[in-house]
Amino acid sequence: MDNLVDLLFLAPQYILYLGLTILPFIIAIPLIFQNRLDFMDTDVEFVGLNNFVSLFQPPIVEPFLKAIKRTVVFLILNYSTVFLYGIPLALLMYELTAKFKKTFFTVIYLPYIISGLGIGMLLMMLFSPDSGSMNLLLLKLGILDKPIDVKDPNIVVWALPTIVGWRYAGFNMALFLSGLLSIPVDTIEASVVDGASYLKRLRYIYFPQMMSSIVMATIFCLIGSFGVFDELVGMGALMVPDLEYFAILLYHVGLSGGWGSKIGTLSQAITMSFAVYLPLIVLAFGLNRWQKKLQY
Amino acid sequence: MSASLRPKPETGAFPSAPSALDRNRKRKLAKIAIGFVLFVYCVVTILPFYFLFIRSFVPTRESTKLHMWIPEIEGASLDAGFGNMCAYYNLNPDQFKQEMGIDDYVSPGNTFRDISKKYNIPEEKILNYLNPFVRFNGWYVIIKNKIFYHSLTATVLLTIASIFIGALFSIATGSVLAGFRKKWHMFVYNSYLVQMIIPSIMIMLPLYLIINKYLNLYDNYLAILMLNVKGGALSTMVFTSYIATIPSALRESVDIDGGNRFHYFFRIILPLSKVPFATYVAITIPTFWNDFLNGILFLSPEKYTLVAFVNSLQGYYASNFQAIFSGLCISLIPIVLLYMVFQNLFVKSALSGAVKG
């Protein structure tokens with residue numbers, strides 16, 4: 001009886017959760033072994049592992065590997081922004097005792113509140129070669145002698161992680177700060193009395209306290225970097241071949257919209273997503289288990 | 001985040017240390033340097049938003065000039081061509097003709113002076129209509145766009161509905177799972193946690209199949225609502241951990257009074273869940289408001305939610321940057337205002353470490 005009431009309370013949300021988060025995995029499995037062209041296709045045949053093989057054959061292999069390469073480079077640079085923005089900001093905020101502390105926090109967290117699409121559009125607004133506001137400002141101040149062209153693929157490599165890192169800076173800062181704030185004040189006072197330098201405190205007190213947050217940030221970065229989509233669409237990625245990162249490629253192949261002709265089938269798109277995301281999910285799961293151990 | 005969160009080490013408490021004074025001064029300098037670095041970072045962070053606001057008032061033809069403030073724009077001229085006005089300022093010809101009471105074909109080559117003479121419309125009336133269109137072209141184009149109202153209303157209503165229904169569902173989930181009274185509760189809880197590591201792009205295609213084909217919910221806001229309230233790692237963790245702290249004596253007292261589980265849920269748990277509810281709202285409201293992928297996957301362009309609508313502006317007004325930036329600016333204003341008003345709540349939720357579980 002008690003179990004029944006439990007189920008009654010759980011049901012409304014759990015049915016939706018299973019149907020919209022877990023079921024997609026299950027219905028995707030048969031599709032991987034079929035030659036389903038698109039969502040309308042009725043003439044479906046079993047093709048075994050052909051879809052996997054075809055990922056490494058023309059015409060898919062070239063855009064596929066290109067997209068993977070772009071995304072992996074993005075992952076590496078995006079991950080380094082966790083350490084370039086998040087940790088320094090958290091450490092600085094931790095030391096700050098001024099009354100602007102809350103204002104600073106609010107401002108740093110602000111980009112996380114707005115949409116990824118907006119972030120991508122802001123990037124274009126700031127660094128378009130002829131009309132970018134930031135370009136014009138930096139040119140006027142004499143900091144640049146020629147404008148940064150954000151449409152140039154060599155610039156996007158850097159610009160995208162810079163602005164995505166900026167978006168998540170507040171989120172990561174809060175994550176690390178929550179770790180730092182759980183350090184008992186006595187511990188720090190004792191170390192100061194003992195004459196521990198700032199670097200020593202960093203090494204033996206602050207970093208161990210932030211460790212579980214760092215693992216968490218790693219998980220978010222791993223999953224988020226391979227799913228970067230909104231920011232790219234804001235930069236016009238659905239129309240420009242140079243911005244075909246993995247999520248955009250998946251969208252193109254799976255839903256057939258966008259520039260150029262359709263290069264693959266729906267089944268191939270789903271195969272592609274499983275081939276790339278499943279190892280990531282396993283890795284993230286392992287990291288998550290490790291993080292839980294660190295926390296206790 | 002007051003100073004009490006981290007009381008500063010009392011350096012003055014150790015006067016015996018030989019260099020206490022020296023160290024004190026060093027510390028003060030370090031504090032100033034820290035404040036300065038953070039201040040610069042904050043200025044750089046604000047700057048894009050400031051530029052966005054200014055750019056929403058900068059005419060597209062002036063966008064290659066640096067504007068640090070809203071430029072003064074001259075009003076409309078009657079010598080402007082009707083066709084040009086439609087092409088460069090995205091004047092809606094049908095709306096214009098309707099306002100002016102013209103039900104005739106108007107050649108794009110006509111100037112507004114011609115139109116005034118031909119249809120006997122006072123010049124004042126035309127100018128009054130055109131002036132705001134030219135001065136605040138971006139904002140005006142968006143405000144005159146019918147889909148904008150639709151998407152704004154839909155997004156506001158969807159966000160509110162998602163918050164309350166999602167919270168109710170999650171509280172129900174939390175009320176069962178809190179304390180893990182049975183073994184299978186742990187299983188349900190862990191299955192919710194898995195959501196955190198599932199990329200939404202990965203399940204996009206099968207989800208498209210489920211919602212648009214199996215459930216036949218294409219172009220139905222119910223699909224978006226369902227996706228918003230389906231629950232996940234965060235909502236489950238927040239409510240379960242909080243409800244676990246409600247003393248079991250309360251539950252026993254309900255039992256003694258002869259109340260059942262529903263009494264306990266509606267009389268005790270719901271009223272006591274204000275704190276996790278606030279955290280839930282602060283964490284989920286940006287995701288509901290900013291949802292883009294679900295909008296473009298499951299809705300038709302006429303029914304787009306706000307962010308998807310802003311994206312479609314890049315197609316509608318490809319050559320009118322001002323309109324695109326105005327659309328983006330308008331879509332940010334509600335969420336940023338909300339953030340400013342409830343900043344304490346947002347800061348507290350961000351620092352609660354809820355995402356770490």
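Only the coordinates and a few stated rules stand behind these numbers; no lab work does. The structure displayed is predicted, hence computed values, not measured ones. Positions of Cβ are generated from backbone atoms using ideal geometry, with glycine treated the same way; all protein chains shown enter the neighbour counts.
A few remarks follow.
- Here is the tail figure for the range A:134-179: Cα pairs spaced more than 11 Å apart come to 72 percent of all pairs.
- Those trypsin sites (Lys or Arg not before Pro) in the range B:153-226 that DSSP places in a loop and that have at most 12 other beta carbons within 10 Å: B:Arg181
- With the helix formula -39500 (n - 2.57) applied to DSSP H stretches of n ≥ 4, chain B reaches a computed 222 nm mean residue ellipticity of -19500 deg cm²/dmol.
- Of the DSSP H helices in chain A, those whose Cα atoms cover at least 27 Å axially and whose Kyte score averages -1.0 or more: A:61-81, A:153-180, A:207-226, A:266-295
- Debye, to nearest 20: dipole size of the range A:1-136, +1 on Lys, Arg Cβ, -1 on Asp, Glu Cβ: 760
- Sequence-distant contacts, meaning Cα pairs under 8 Å at least 6 residues apart, place the relative contact order of the range A:19-156 at 9 percent.
- Proximal lysines relative to A:Lys99, as straight alpha-carbon distance under 24 Å, when same-chain residues fewer than 8 apart are discounted: B:Lys8, B:Lys26, B:Lys28, B:Lys31, B:Lys348
- Applying the criteria of a DSSP loop state and at most 15 other Cβ atoms within 10 Å to the chymotrypsin sites (Phe, Trp or Tyr not before Pro) of the range B:42-118 yields B:Trp69, B:Tyr105.
- For chain B, the longest principal axis of the Cα atoms and the long axis of helix B:233-243 meet at an angle of about 50 degrees.
- The range A:1-100 - Rg over Rh from alpha carbon coordinates, Kirkwood radius: 1.23
- Here the dipole of chain B is about 1720 debye; that uses its Cα centre as origin and unit charges on the Cβ of Lys and Arg (positive) and Asp and Glu (negative).
- Orientation-averaged projected area, Cα convex hull of the range A:79-167 (nm²): 7.0
- Semi-axis lengths, Å, the range B:251-357, gyration tensor of Cα atoms, sqrt of 5 times eigenvalues: 41, 18, 11
- Compactness of chain A, expressed as Rg and Dmax over alpha-carbon positions, Å: 23.4, 77
- Among A:99-105, B:346-352, B:121-127, the order from most to least packed when residues are scored by Cβ within 10 Å on average: B:346-352, A:99-105, B:121-127
- Charge dipole of the range B:85-239 about the Cα centre (unit charges at C-beta), most positive-ward option of B:Tyr88, B:Phe180, B:Asn110: B:Phe180
- For chain B, the fraction of alpha-carbon pairs lying more than 25 Å apart is 69 percent, rounded to a whole number.
- Counting only residues at least eight positions apart within a chain, or on another chain, the aspartates and glutamates with an alpha carbon under 16 Å from that of B:Lys117 are B:Asp79, B:Asp103, B:Asp104.
- Peptides B:193-206, A:139-152, A:281-294, A:220-233 ranked from most to least packed, by the mean per-residue count of other Cβ atoms within 10 Å: A:220-233, B:193-206, A:281-294, A:139-152.
- 15 Å Cα-Cα reach of B:Lys97 towards aspartates and glutamates, excluding residues that sit fewer than 8 places from it in its own chain: B:Asp114, B:Glu123
- Counting, for every residue in B:205-215, the Cβ atoms of other protein chains within 10 Å of its Cβ and taking the mean gives 6.
- Non-local lysine pairs in the range B:160-303, meaning eight or more places apart or on different chains, with alpha-carbon distances under 25 Å, amount to 6.
- Rg and Dmax of the range B:35-156, both derived from C-alpha coordinates alone, stand at 18.7, 66 Å.
- In the range A:73-128, Rg over Rh equals 1.05, where Rg is the alpha-carbon radius of gyration and Rh the Kirkwood radius from pairwise Cα distances.
- Sorted largest first, extent of the protein assembly as shown alpha carbons per principal axis (Å): 88, 73, 62
- Here the average projected area of the convex hull drawn through the C-alpha atoms of the range B:123-247 stands at 12.5 nm².
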